[in-house]
Amino acid sequence: MENIQILIVDYGSQYTLVIGRMLRELGIRSVILPPIKADIWLQKNTPKAVILSGSNWSVYGENAPKLPTSLDVRGDKYTILGICYGMQLLAYVGEGKIERPLTQREYGPSVVKVNTNHPLFKNVSEETEVWASHGDTVLELPKNFSPIATSEGIAGMTSENNRVMGVQFHPEVVNTKEGKKMFQNFIELSNCVVDWSPMDLILQIQKEVVGIVGSEKKVILGVSGGVDSTVLAGILAPVLGERLVCIGIDTGGGRFGEIEELKNNVTSAGVKNLNIIEASDEFIKNVGTTINSEEKRAKFREVYKKTFDEQILKHGASFMLQGTLATDIIESGQAGESAMIKTHHNVGLSFEVEDLHPLRHLFKYEVRELGKMLNLAPSVYERNPFPGPGLFLRIVGTPVSKENLELVRDADKTVSDILKSRGLDKEISQLIVAMLGINSVGVKGDERVYGHSLAVRAVQTVDFMTATGYHFPPDVIDEITSALIKHKDIVRVFFDMTPKPPATTEFE
Ligand code: XMP
């Protein structure tokens with residue numbers, strides 16, 4: 001971790017890794033550490049800047065995480081930017097006043113007035129749209145600090161020497177329209193120099209993995225044919241050769257033609273050793289025992305782990321590699337202290353051998369960049385994501401069965417084909433067609449039928465941490481509906497445009 005220019009102290013905000021992503025987009029490497037580790041790290045390292053993340057905590061909360069004791073709060077050694085809780089902590093140690101006033105709670109979009117003479121807001125509009133998510137607010141600034149942004153109350157502050165700053169809103173979230181400019185300004189203010197490039201990252205990942213696995217041992221890589229695992233395979237195939245044993249599992253939860261696509265993608269990434277394991281009966285039997293989404297995920301994980309453990313033994317592998325991304329880790333509640341949203345199928349599993357997640361600090365769009373660098377086909381690196389537990393998740397409120405999976409798979413193909421034929425697939429980040437456990441009465445060919453309901457959902461998003469529901473044009477809604485109800489057992493089709501949050505991308 002030498003030469004890291006920015007330390008991000010993670011207080012458990014859902015957006016902490018998004019800060020890292022934003023910096024990387026601007027060409028800057030950073031390290032994210034929870035407060036205690038940050039404290040130790042700061043005793044041995046002097047970065048150019050420290051960013052304090054947001055949090056669910058209130059600074060007055062019993063056990064609320066504190067500033068690292070070794071942090072130079074005057075900013076003599078490095079600049080400091082406190083975001084939300086980070087700003088409140090800075091105000092708290094400076095004996096400012098923080099409260100939870102009923103009138104100044106802000107969740108969602110907000111407009112702040114900024115002082116454009118302050119270097120943090122250079123070239124930012126005087127009134128700018130930001131994303132806020134906080135209950136506590138700084139009501140009085142610490143001594144020697146002055147306000148640099150206001151909304152209902154104080155939205156930003158700076159020390160006299162402009163070395164220590166805080167903002168109450170989240171500049172890292174895409175909904176803060178000029179957030180990137182603010183980070184660019186912060187980077188300049190901190191004298192950081194561009195030190196990140198996709199090619200460097202590919203070399204770093206190769207070096208990291210070879211450094212751990214050595215020159216003889218075999219590794220298993222779980223591949224789905226999706227962007228993450230295929231890119232990881234493409235990065236490692238040249239350095240591991242035949243020792244990279246790629247395993248794809250046919251769980252029965254894949255979309256139409258998924259296994260063929262997997263084979264093509266992974267082979268074209270340069271993999272020599274690919275094995276497809278047919279395990280659909282076992283997955284369907286186990287996952288089909290419950291309709292509770294977390295229990296389904298737990299069952300899926302169990303069979304997933306067991307299948308890989310068998311393969312590890314069979315191939316005599318010493319390591320298990322997975323293409324887990326930062327987003328998967330955040331939402332599984334494994335990134336520092338962020339809250340658990342859902343159990344991802346491949347995060348936190350204890351395999352028979354050590355598991356490695358070389359893409360764990362990256363976001364989807366960054367992995368796509370690496371795919372491009374590796375000269376993979378655009379159909380691979382531009383591919384929309386699809387969850388590991390696949391269509392199993394998209395059967396909601398009714399048990400998973402072979403028949404239900406077939407129905408959802410056909411419906412997914414029908415809708416995908418329509419979107420492709422109209423070129424709309426390029427506009428959306430992910431399509432979800434889910435079967436709902438609501439059977440209802442319908443009429444088909446003058447006869448009463450009692451059939452299934454489907455939900456169709458598409459989202460647009462940059463990083464899957466937040467998403468907006470896609471509004472299909474009316475004629476597309478009609479085309480999708482009439483194509484789906486041709487199936488003898490489908491009587492109703494709903495369209496779901498709920499944003500994330502509060503909904504998630506998946507309908508599960
Ligand atoms: P949510 O539903 O959490 O989804 O908003 C965010 C993105 O993650 C995908 N997803 C998963 N991917 N294993 C995966 O590999 C999983 O268990 C899993 N759950 C959700 C989801 O499809 C979306 O792209």
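Only Lys, Arg, Asp and Glu count, each charged at its Cβ (+1, +1, -1, -1), so figure out the dipole size of segment 401-496 about its Cα centre, rounded to 20 debye. If you can, show how the numbers build up before the last one.
Values: 12 positive and 15 negative charges, 28 e Å.
Using only the charged Cβ atoms, the result is roughly 140 debye.
Quantify how much of the Cα-Cα distance distribution of segment 340-452 extends past 24 Å, in percent. The partial results should precede the final answer.
Details: 3078 of 6328 pairs.
Beyond 24 Å sits 49 percent of the P(r) for segment 340-452.
Working note: Karplus 6.51/-1.76/1.60 with θ = phi - 60° gives segment 455-464 the couplings 10, 10, 9, 9, 10, 10, 7, 9, 10, 6 Hz, where Gly and Pro are set to x. For segment 198-381, the carbon plus sulfur part of the accessible surface works out to 51%, probe radius 1.4 Å. Each of PHE392, PRO473, VAL443 was scored by the projection of its Cα onto the charge dipole of the chain, and the greatest displacement toward the positive side belongs to PHE392; charges sit on the C-beta of Lys, Arg, Asp and Glu.
Probe of 1.4 angstrom, ligands and nucleic acids ignored: what's the accessible area per residue over segment 198-381, in square angstrom?
Values: 7590 Å² over 184 residues.
Per-residue accessible area for segment 198-381 comes out at 41 Å².
Using every pair of distinct Cα positions in segment 158-294, the Kirkwood expression returns a hydrodynamic radius of 19.1 angstrom.
Just to confirm the filter: which trypsin sites (Lys or Arg not before Pro) across segment 23-119 are DSSP coil and have at most 13 other Cβ within 10 angstrom of their Cβ? Those satisfying the criteria are ARG74.
Relative to the Cα centre, what is the charge dipole magnitude of segment 198-381, using +1 at the beta carbon of each Lys and Arg, -1 at the beta carbon of each Asp and Glu, and rounding to the nearest 20 debye?
Working: 20 positive and 25 negative charges, 31 e Å.
Dipole about the Cα centre, nearest 20: 160 debye.
Rg and Dmax, both from the Cα atoms of segment 198-381 and both in Å, are 15.8, 46.
For segment 26-120, GluC sites (Glu not before Pro) meeting the loop criterion (DSSP other than H, G, I, E, B) and having at most 15 other Cβ atoms within 10 Å: GLU62, GLU95.
Candidates PRO34, THR251, ALA503 compared by Cα position along the dipole of the chain: farthest toward the positive end lies PRO34, with charges placed on Cβ. Peptide packing for 368-375, 245-252 was compared via the average number of neighbouring C-beta atoms within 10 Å per residue; ordered from the highest value, the list is 245-252, 368-375.
Here's the list of lysines a cross-link from LYS285 could span, going by alpha-carbon distance under 27 Å and ignoring same-chain residues fewer than 8 apart: LYS263, LYS296, LYS299, LYS305, LYS306, LYS314, LYS342, LYS402, LYS413, LYS488.
What percentage of the solvent-accessible surface of segment 108-180, computed with a 1.4 Å probe over protein heavy atoms, is contributed by carbon and sulfur atoms? So the carbon and sulfur contribution to the accessible surface is 44 percent. The angle between the Cα long axis of helix 198-213 and the longest principal axis of the Cα atoms of the chain comes to about 70 degrees, rounded to the nearest 10.
Over the C-alpha trace of segment 3-76, radius of gyration and Dmax come out as 12.2, 38 angstrom.
Taking the Cα centre of the chain as the origin, how large is its charge dipole in debye, to the nearest 20, when only Lys and Arg (+1) and Asp and Glu (-1) carry charge on their Cβ atoms? Walk me through the intermediate numbers first.
Details: 54 positive and 64 negative charges, 82 e Å.
Roughly 400 debye for the chain.
Per-peptide packing, taken as the mean over residues of other Cβ atoms within 10 Å, places 6-16, 471-481 in the sequence 6-16, 471-481 from highest down.
Solvent exposure of segment 6-189 amounts to 41 Å² per residue of accessible area, where only protein heavy atoms count and the probe is 1.4 Å.
Amide H contacts for PHE494 (H built 1.01 Å from N in the peptide plane; partners 5 or more residues away or on another chain; cut-off under 5 Å): LEU454, ALA455, VAL456. A 1.4 Å probe over all protein chains sorts LYS402, LYS177 by accessible area into LYS177, LYS402, starting with the largest. Taking each of LYS420/LYS486; LYS177/LYS500; LYS272/LYS420 in turn, the alpha-carbon distance tops 23 angstrom for LYS272/LYS420.
Are there trypsin sites (Lys or Arg not before Pro) in segment 433-498 that DSSP puts in a loop and that have at most 16 other Cβ atoms within 10 Å, and which ones?
Of the trypsin sites (Lys or Arg not before Pro), the ones in loops of segment 433-498 whose Cβ has at most 16 other Cβ atoms within 10 Å are LYS486, LYS488.
Residues whose amide H lies under 5 Å from that of ILE80, counting only those 5 or more places away or on a different chain, are VAL50, VAL164, MET165; hydrogens are built 1.01 Å from N in the peptide plane.
Could you state, as a whole-number percent, how many of the C-alpha pairs of segment 6-189 are farther apart than 20 Å?
Working: 7905 of 16836 pairs.
That fraction is 47 percent.
Axis of helix 227-240 versus longest Cα principal axis of the chain: the two differ by about 80°, to the nearest ten degrees. The P(r) of the chain has a tail past 31 Å containing 50 percent of all C-alpha pairs.
Excluding same-chain neighbours fewer than eight residues apart, the lysines reachable from LYS181 by a Cα-Cα span under 24 Å are LYS48, LYS77, LYS113, LYS122, LYS364.
Looking at THR324, GLY222, ALA237, which one has the Cα that reaches farthest to the positive end of the dipole of segment 198-381 (charges on Cβ: Lys, Arg +1; Asp, Glu -1)? Final value for the positive-end residue is ALA237. A simple rule links phi to the HN-Hα coupling: the Karplus curve 6.51 cos²θ - 1.76 cosθ + 1.60 with θ = phi - 60°, which for segment 119-129 gives x, 5, 10, 4, 6, 8, 5, 4, 10, 9, 7 Hz, with x for Gly and Pro.
Compute the normalised compactness of segment 401-496: alpha-carbon radius of gyration over 2.2 N^0.38 Å, N being the residue count.
Numbers: Rg = 14.0 Å, N = 96, 2.2 N^0.38 = 12.5 Å.
Segment 401-496 yields a ratio of 1.12.
When the Kirkwood hydrodynamic radius is evaluated over all pairs of different C-alpha atoms of segment 468-508, what value in angstrom, to one decimal, is obtained? Evaluated over segment 468-508, this radius sits at 11.6 Å.
The values are calculated or read from the model by the stated rules, or taken from the named source; none is laboratory data. Bear in mind that the values here come from a model prediction, so they are computed numbers and not experimental data. When we count neighbours, we look across all protein chains shown, and the Cβ atoms used for this are built from the backbone with ideal geometry, even at glycine. Each accessible area value is taken on the protein alone, full model and side chains, heavy atoms only, with ligands, DNA and RNA left out. Shrake-Rupley method; radii C 1.70, N 1.55, O 1.52, S 1.80 Å.
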